[in-house]
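**Q** Can you keep this structure in mind? I'll have questions shortly.
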Amino acid sequence: MNSILEMREITKTFPGVKALDNVNITVKAGEIHALVGENGAGKSTLMKVLSGVYPHGSYSGSIIYEGEERRFKGIADSEALGIIIIHQELALVPLLSIAENIFLGNEQAHYGIIDWSAAFARTKQLLKVVGLDESPETLVTNLGVGKQQLVEIAKALSKKVKLLILDEPTASLNEKDSDALLNLLLQFKAQGISSILISHKLNEISKVADAITVLRDGGTVETLDCRAETVSEDRIIRGMVGRTMEDRYPKREPNIGETIFEVENWSAYHPIHTHMQVVKSVNLSIRRGEIVGIAGLMGAGRTEFAMSLFGRSYGQNITGRVVLHGKEIDVSTVEKAVSNRIAYATEDRKTYGLVLAEDIRKNVTLANLEGVSRNLVIDDVQELAVANDYRAKMRIRSPSVFQEAVNLSGGNQQKVVLSKWLFSDPEILILDEPTRGIDVGAKYEIYTIINRLADGGKGVLMISSEMPELLGMCDRIYVMNEGSLIAELDIADASQEKIMHAIVKSGRR
Amino acid sequence: MDTRTADDLHVSQPKTSWMEFIKAHFRDYGMLLSLLVIMLFFQVVTNGTLLRPLNLTNLVLQNSYIVIMALGMLLVIVAGHIDLSVGSIVGFVGGLAAMMMVRWGFDPVTTTIACLIMGGLIGAAQGYWVAYSKVPSFIVTLAGMLVFKGLTLALLGGMSVGPFPVVFQRLSSGFIPDVFGGQGFNYTALFLGIASLTALIYFSFRSRSNQLKHGVETAPFGLFAFKNGLLAVLVIAFCYLMATYRGLPNVLVIMAVLIALYAFVTNRTTIGRRIYALGGNEKAAKLSGIKTERLTFLTFVNMGVLAGLAGLIFAARLNTATPKAGLGFELDVIAAVFIGGASATGGVGKVTGAVIGAFVMGVMNNGMSILGIGIDYQQVIKGLVLLAAVSLDVYNRKK
């Protein structure tokens with residue numbers, strides 16, 4: 001069988017991080033090729049290289065598609081050759097109709113005038129192919145996620161797709177919709193359309209995939225051929241997580257005390273879709289000096305849980321109790337949560353963590369201006385001293401504390417966010433993806449800071465999608481899936497396999 | 001009061017030379033420089049009329065209400081909003097003052113207090129919709145602009161109402177009396193000028209020594225001395241000129257106190273800092289425990305009070321309230337803030353910038369009027385200057 005796509009020795013570096021390192025993948029014509037790996041393994045980056053989001057020249061290696069070497073300068077180039085990517089976050093315009101969305105940027109028009117009857121007729125055909133029984137005039141916002149996914153696929157078909165790339169297409173679908181989607185892929189396969197399927201749901205992959213490429217830490221681990229032999233989920237998991245644990249985490253002798261923080265029956269609903277329960281009766285506890293992890297896949301509800309807890313910053317209809325030192329505390333606004341000594345360092349520091357246009361000094365004191373002011377007047381000198389102190393303690397690399405946050409590297413920005421929250425003097429520190437997008441050296445520094453906090457008697461709740469990080473740092477790990485805590489593992493008997501099994505098992509229920 | 005700490009604290013590289021420092025702070029100095037250049041230009045082309053004591057006094061009187069509103073507008077814009085209704089509030093509050101004093105027989109003090117409260121209430125009403133109901137401020141204040149323009153007409157019955165009691169007129173046309181009894185020369189004006197200058201220089205020295213003590217690299221001493229020397233010359237020269245006429249107008253004192261107060265609030269207080277954080281990144285501010293809604297609400301209340309004050313000053317200056325008072329003021333005020341370097345997306349802007357911006361507009365208005373340029377081309381030129389100033393700023397920021 002001929003290959004439709006060969007990506008050879010693809011290497012892509014971002015400042016400070018090697019996202020892809022000599023990755024090879026070969027997709028044969030008319031097969032469903034699964035791409036698996038942990039969060040951050042480089043799957044999405046690889047697909048962005050393929051589709052031209054990262055143009056030729058910004059990476060090294062070669063892409064051979066339909067027998068010729070291709071140098072895509074943008075998405076338009078790859079789409080023209082039939083490579084269509086459907087992203088995890090759907091790229092539909094909610095207030096336009098299905099037909100308008102399908103032909104967006106590719107309108108059925110003559111001299112700029114749209115031929116609506118042609119567009120509707122064509123849309124009807126496409127919707128029939130994907131098995132979506134809706135009028136072309138229906139607004140996309142009125143469709144469920146599963147149907148929106150089908151609209152995306154119809155859109156791809158309208159562009160004469162030859163290689164369809166689906167990034168976590170079933171992540172937010174229920175079982176019935178997922179099955180329909182997978183059957184559609186099998187149907188396309190019969191018509192000779194190849195696909196690349198990125199998914200965490202290994203049971204689905206074993207159902208439809210002809211070949212599986214496993215990525216880990218930006219490199220290709222192996223390619224498994226499912227036609228030659230049956231590949232078990234265990235086999236795939238081993239490939240995904242089988243990395244050797246080096247000395248990437250600073251040593252720490254945990255000194256764990258009594259339980260200081262408890263969350264009881266915490267539930268929260270989606271802010272817009274009121275019936276959707278995003279956090280389901282979560283119960284957890286943290287002891288003095290303990291680092292507790294929450295593992296889970298993206299979209300498991302971990303951030304939503306943390307933000308709903310921190311001053312109801314996410315969701316609505318929030319219920320549950322929060323207990324600190326045996327007393328129930330009020331965390332209904334951020335201000336109250338902070339004054340009750342809870343801090344939450346966000347996963348998205350640029351959007352939620354920093355005022356980018358302001359300098360380090362002003363960002364550090366933002367959550368505790370009272371700490372550097374008297375009678376509402378800021379004491380410049382004291383503020384400067386505080387900022388300089390944290391700059392030294394956290395080893396923030398910048399010419400001075402007057403450097404604007406926007407000009408700092410990811411690692412240093414993260415240190416500023418942490419400084420801000422440490423200056424608010426919390427007892428419970430919730431860290432959401434504290435090392436996301438940070439290079440290895442800075443990660444080690446952040447880990448050291450976290451360990452120091454725990455040793456200082458604080459309780460740390462650490463959310464991370466990188467399992468090795470949780471295993472290397474935490475004393476106890478909760479596993480979250482679909483809004484519920486589904487497992488609690490002591491570090492002594494926790495492993496990536498166990499976490500993955502817990503997730504896969506609960507996902508299948 | 002120390003109003004310049006934050007401005008001067010910026011630089012960090014060791015051993016800054018004059019040129020490097022000026023380059024790094026071009027935005028701060030550039031605005032002041034352009035104001036001086038514009039003044040010099042009009043001083044030359046008007047054959048020295050611009051800086052004659054009489055005209056200088058007029059310049060202050062004509063621009064006081066714009067400057068005062070620019071202080072409030074700066075906070076609104078820094079918080080990431082806009083207020084289009086201030087012109088109409090000026091008209092409405094002026095009308096209310098006229099009705100209270102002329103028709104309903106209230107005394108000037110009661111009237112002034114009531115009018116300031118009314119301004120605050122109007123601001124609160126608009127701020128409520130913006131802050132808590134999340135209606136875009138552009139829409140809310142556009143509606144407010146129409147509503148209060150209409151209410152002014154209704155209140156005054158379409159007529160001009162005046163004149164006012166003399167005490168009230170003093171708000172705008174009065175001068176600080178000379179306690180030293182100089183003949184044709186107002187020693188008080190010079191004295192007040194020197195006193196405030198001394199205070200300014202004292203604080204400027206104190207903040208510099210504080211900075212040096214904490215290892216913050218400051219402007220080179222030569223530049224620092226030059227800056228303060230220039231400031232001294234300008235203040236003394238200004239006060240001397242005013243002293244040879246009738247002294248310092250009351251409204252100048254009100255304006256100066258407000259400028260100092262707002263510079264202090266924005267630079268040194270927690271509420272000021274929080275407004276900048278709110279405009280810079282509302283989500284991050286909220287997640288840092290800042291009550292963003294209440295803060296937005298308060299910036300609008302503040303704007304309302306200042307617009308009310310401007311309404312009183314403007315009415316006192318004309319000695320009559322007309323239905324057309326305040327028409328188009330919002331444009332001058334908003335232009336002043338943007339010329340002064342504020343960012344339309346919020347989070348950036350300075351009180352000193354807004355004041356300089358207001359005077360850039362004011363000097364151009366005044367200078368072009370002296371030259372006899374018609375109101376038609378005056379607007380064209382002002383519009384182009386606004387565009388040029390802001391595009392230069394955008395270009396500078398990109399660099």
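**Q** Determine which member of the set A:L461, A:L422 is part of a strand (DSSP E or B), in contact (Cβ under 8 Å) with a residue 24 or more places away in the chain and not small (G, A, S). Explain how you work it out, then say what you get.
**A** Working: A:L422 fails: part of a strand (DSSP E or B).
Selected residue: A:L461, the only one of A:L461, A:L422 that is part of a strand (DSSP E or B), in contact (Cβ under 8 Å) with a residue 24 or more places away in the chain and not small (G, A, S).
**Q** A further question follows. Quick one: in the stretch A:192-232, of everything that is in contact with a helix residue (DSSP H, G or I) (Cβ under 7 Å, 6 or more places away or on another chain), charged (D, E, K, R) and surrounded by 17 or more Cβ atoms within 10 Å (Cβ to Cβ), which residue is farthest from A:S178 (Cα to Cα)?
**A** Going through the qualifying residues, I end up with A:R216.
**Q** Out of (1) at pLDDT below 85; (2) aliphatic (A, V, I, L, M); (3) surrounded by fewer than 20 Cβ atoms within 10 Å (Cβ to Cβ), the odd one out for A:M240 is which?
**A** All conditions are met except number (3).
**Q** Could you tell me whether A:D379 is assigned by TED's automatic domain parsing to the domain that holds A:E358, within 21 Å of B:S207 (Cα to Cα) and modelled with pLDDT of 90 or more? Steps first, answer last, please.
**A** Values: assigned by TED's automatic domain parsing to the domain that holds A:E358: yes; within 21 Å of B:S207 (Cα to Cα): yes; modelled with pLDDT of 90 or more: no.
Answer is no for this residue.
**Q** B:L197 versus (1) surrounded by 20 or more Cβ atoms within 10 Å (Cβ to Cβ); (2) modelled with pLDDT under 95: which is the lone unmet condition?
**A** Here B:L197 meets the rest and fails (1).
**Q** OK, next. Just need a number here: residues in the stretch A:32-65 that are in a loop (DSSP other than H, G, I, E, B) and out of contact with any strand residue (DSSP E or B) (no Cβ under 6 Å at 6 or more places or on another chain).
**A** Of the residues in that region, 10 qualify.
**Q** The conditions are (1) more than 9 Å from every other protein chain (Cβ to nearest Cβ); (2) in a helix (DSSP H, G or I), and A:L366 fails exactly one of them. Which is it?
**A** Of the numbered conditions (1) more than 9 Å from every other protein chain (Cβ to nearest Cβ); (2) in a helix (DSSP H, G or I), the odd one out for A:L366 is (1).
**Q** Kindly list the number of the only condition in (1) more than 17 Å from A:F305 (Cβ to Cβ); (2) part of a helix (DSSP H, G or I) that fails for A:L470.
**A** Every condition holds for A:L470 apart from (1).
**Q** May I ask you to list the residues in the stretch A:425-441 that are crowded, with 21+ Cβ neighbours inside 10 Å and outside any strand (DSSP E or B)?
**A** A:P426, A:E433, A:P434, A:T435, A:I438
**Q** Let me ask you something else. Determine which member of the set B:I381, B:I356 is in contact with a helix residue (DSSP H, G or I) (Cβ under 9 Å, 6 or more places away or on another chain), surrounded by 16 or more Cβ atoms within 10 Å (Cβ to Cβ), assigned to a helix (DSSP H, G or I) and assigned by TED's automatic domain parsing to the domain that holds B:L261.
**A** On the way: B:I381 fails: surrounded by 16 or more Cβ atoms within 10 Å (Cβ to Cβ).
Answer to the selection: B:I356.
**Q** Among the residues of the stretch B:56-66, is any at pLDDT 70 or above and over 25 Å from B:S172 (Cα atoms)? Walk me through how you get there before you give the answer.
**A** Residues of the stretch B:56-66 at pLDDT 70 or above: B:56-66.
So of that shortlist, the ones also over 25 Å from B:S172 (Cα atoms) come out as none.
No, that holds for no residue.
**Q** So, one more: Filter the stretch A:66-96 down to the residues that are assigned to a strand (DSSP E or B) and under 29 Å from the mean Cα position of the chain (by Cα), then identify the one that is surrounded by the fewest Cβ atoms within 10 Å (Cβ to Cβ). Reasoning before the result, please.
**A** Narrowing the stretch A:66-96 to residues assigned to a strand (DSSP E or B): A:68-70, A:83-86.
If we keep only those that are under 29 Å from the mean Cα position of the chain (by Cα) too, we end up with A:83-86.
Working: A:I83: 29, A:I84: 25, A:I85: 25, A:I86: 20.
Checking each candidate, the answer is A:I86.
**Q** Right, something else. Among the residues of the stretch A:378-405, how many are facing chain B (nearest Cβ under 9 Å), outside any loop (DSSP other than H, G, I, E, B) and not acidic (D, E)?
**A** Residues in the stretch A:378-405 being facing chain B (nearest Cβ under 9 Å), outside any loop (DSSP other than H, G, I, E, B) and not acidic (D, E): 5 in total.
Here is a yes/no grid of residues against (1) surrounded by fewer than 21 Cβ atoms within 10 Å (Cβ to Cβ); (2) touching a residue at least 40 places away in the same chain (Cβ under 8 Å); (3) not hydrophobic (A, V, I, L, M, F, W, C):
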position: A:F310; (1), (2), (3): no, yes, no
position: A:T319; (1), (2), (3): yes, yes, yes
position: A:E328; (1), (2), (3): yes, no, yes
position: A:V334; (1), (2), (3): no, no, no
position: A:V338; (1), (2), (3): no, yes, no
position: A:I342; (1), (2), (3): no, yes, no
position: A:D348; (1), (2), (3): yes, no, yes
position: A:D359; (1), (2), (3): no, yes, yes
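**Q** Restricting attention to the stretch A:473-507, and to residues there that are among the acidic types (D, E) and outside any helix (DSSP H, G or I), which single residue is modelled with the lowest pLDDT? Explain how you work it out, then say what you get.
**A** Quick first cut of the stretch A:473-507, residues among the acidic types (D, E) only: A:475, A:482, A:488, A:490, A:493, A:497.
Going one step further and asking which of them are outside any helix (DSSP H, G or I), we end up with A:475, A:482, A:488, A:490.
Numbers: A:D475: 94, A:E482: 88, A:E488: 92, A:D490: 92.
Checking each candidate, the answer is A:E482.
**Q** Taking the stretch A:189-204 as the region of interest, how many residues are over 20 Å from the mean Cα position of the chain (by Cα), in a helix (DSSP H, G or I) and touching a residue at least 60 places away in the same chain (Cβ under 8 Å)?
**A** Of the residues in that region, 2 qualify.
**Q** Could you list, in sequence order, the residues of the stretch B:213-247 that are surrounded by fewer than 12 Cβ atoms within 10 Å (Cβ to Cβ) and hydrophobic (A, V, I, L, M, F, W, C)?
**A** Residues of the stretch B:213-247 that are surrounded by fewer than 12 Cβ atoms within 10 Å (Cβ to Cβ), as a first pass: B:213, B:215, B:221-222, B:225, B:229, B:233.
B:F221, B:A225, B:V233, listed by residue number.
**Q** Is it true that some residue in the stretch B:279-300 is out of contact with any helix residue (DSSP H, G or I) (no Cβ under 6 Å at 6 or more places or on another chain), farther than 30 Å from B:S172 by Cβ and free of Cβ contacts under 8 Å to residues at least 40 places away in the same chain?
**A** Yes, there is a match, as at least one residue in the stretch B:279-300 is out of contact with any helix residue (DSSP H, G or I) (no Cβ under 6 Å at 6 or more places or on another chain), farther than 30 Å from B:S172 by Cβ and free of Cβ contacts under 8 Å to residues at least 40 places away in the same chain.
**Q** For the stretch B:328-353, how many residues are part of a loop (DSSP other than H, G, I, E, B) and either within 25 Å of B:R52 (Cα to Cα) or charged (D, E, K, R) (or both)? Give the steps one after another, and end with the answer.
**A** In the first step, residues of the stretch B:328-353 are kept if they are part of a loop (DSSP other than H, G, I, E, B); the result is B:328, B:340-350.
Cutting the leftovers down to either within 25 Å of B:R52 (Cα to Cα) or charged (D, E, K, R) (or both) gives us B:350.
Residues in the stretch B:328-353 being part of a loop (DSSP other than H, G, I, E, B) and either within 25 Å of B:R52 (Cα to Cα) or charged (D, E, K, R) (or both): 1 in total.
**Q** Condition test on A:I10, is it more than 19 Å from A:K162 (Cα to Cα), in contact with a Phe, Trp or Tyr (Cβ under 9 Å, 6 or more places away or on another chain) and surrounded by 21 or more Cβ atoms within 10 Å (Cβ to Cβ)? Give the derivation first.
**A** Values: more than 19 Å from A:K162 (Cα to Cα): yes; in contact with a Phe, Trp or Tyr (Cβ under 9 Å, 6 or more places away or on another chain): yes; surrounded by 21 or more Cβ atoms within 10 Å (Cβ to Cβ): yes.
Yes, satisfied.
**Q** Now a separate question. Given the options B:F205, B:F185, name the one that is out of contact with any strand residue (DSSP E or B) (no Cβ under 6 Å at 6 or more places or on another chain) and either of a type in the set (K, R) or assigned to a loop (DSSP other than H, G, I, E, B) (or both).
**A** Values: B:F205 fails: either of a type in the set (K, R) or assigned to a loop (DSSP other than H, G, I, E, B) (or both).
None of the others qualify; the one that does is B:F185.
**Q** Quick check on this structure: which one of A:A357, A:A306 is within 12 Å of chain B (Cβ to nearest Cβ) and not in a helix (DSSP H, G or I)?
**A** A:A357
**Q** Could you please tell me which pairs satisfy a Cβ distance under 9 Å, a separation of 6+ or placement on different chains, a first residue in the stretch B:336-364 that is within 14 Å of chain A (Cβ to nearest Cβ), and a second residue that is among the hydroxyl-bearing types (S, T, Y)?
**A** Qualifying pairs under 9 Å: B:G346/B:Y276; B:G347/B:Y276; B:V348/B:Y276; B:G349/B:T266; B:G349/B:Y276; B:G349/B:S343; B:K350/B:T266.
**Q** Tell me, yes or no, whether the stretch B:261-276 has at least one residue that is within 14 Å of chain A (Cβ to nearest Cβ), aliphatic (A, V, I, L, M) and touching a Leu at 6+ places or on another chain (Cβ under 8 Å).
**A** Checking the stretch B:261-276: at least one residue is within 14 Å of chain A (Cβ to nearest Cβ), aliphatic (A, V, I, L, M) and touching a Leu at 6+ places or on another chain (Cβ under 8 Å).
**Q** Which one of these is more than 26 Å from A:G437 (Cβ to Cβ), outside the structural domain of A:P468 (by TED's automatic domain parsing) and modelled with pLDDT of 90 or more: A:Y65, A:Y59? Lay out the reasoning, then the answer.
**A** Values: A:Y59 fails: more than 26 Å from A:G437 (Cβ to Cβ).
Among A:Y65, A:Y59, only A:Y65 is more than 26 Å from A:G437 (Cβ to Cβ), outside the structural domain of A:P468 (by TED's automatic domain parsing) and modelled with pLDDT of 90 or more.
**Q** Can you tell me how many residues within the stretch A:375-399 are buried (at least 18 other Cβ atoms within 10 Å of the Cβ) and either in contact (Cβ under 8 Å) with a residue 40 or more places away in the chain or touching a His at 6+ places or on another chain (Cβ under 7 Å) (or both)?
**A** 2
**Q** Return the residue satisfying two criteria in turn: it lies in the stretch B:287-327 and is assigned to a helix (DSSP H, G or I) and within 14 Å of another protein chain (Cβ to nearest Cβ), and of such residues it is surrounded by the most Cβ atoms within 10 Å (Cβ to Cβ). Even if it seems obvious, please write down each step before you answer.
**A** If we filter the stretch B:287-327 for residues that are assigned to a helix (DSSP H, G or I), which is where we start, we get B:292-318.
Then drop every residue that is not within 14 Å of another protein chain (Cβ to nearest Cβ), which leaves B:292-295, B:298.
Working: B:T292: 22, B:E293: 17, B:R294: 13, B:L295: 20, B:L298: 19.
The selected residue is B:T292.
**Q** I'd like to know if the stretch A:457-469 contains one or more residues that are out of contact with any helix residue (DSSP H, G or I) (no Cβ under 6 Å at 6 or more places or on another chain), surrounded by fewer than 17 Cβ atoms within 10 Å (Cβ to Cβ) and not β-branched (V, I, T). Lay out the reasoning, then the answer.
**A** Narrowing the stretch A:457-469 to residues out of contact with any helix residue (DSSP H, G or I) (no Cβ under 6 Å at 6 or more places or on another chain): A:457-459, A:461-462, A:465-466, A:468-469.
The next check asks that each one be surrounded by fewer than 17 Cβ atoms within 10 Å (Cβ to Cβ); those that pass are A:457.
Filter again for not β-branched (V, I, T), leaving A:457.
Yes; the residues of the stretch A:457-469 include at least one that is out of contact with any helix residue (DSSP H, G or I) (no Cβ under 6 Å at 6 or more places or on another chain), surrounded by fewer than 17 Cβ atoms within 10 Å (Cβ to Cβ) and not β-branched (V, I, T).
The values are calculated or read from the model by the stated rules, or taken from the named source; none is laboratory data. Given the structure is predicted, the values throughout are model-derived calculations rather than measurements. Here the Cβ is made from the backbone with ideal geometry for all residues, glycine too, and neighbour counts use every protein chain on show.
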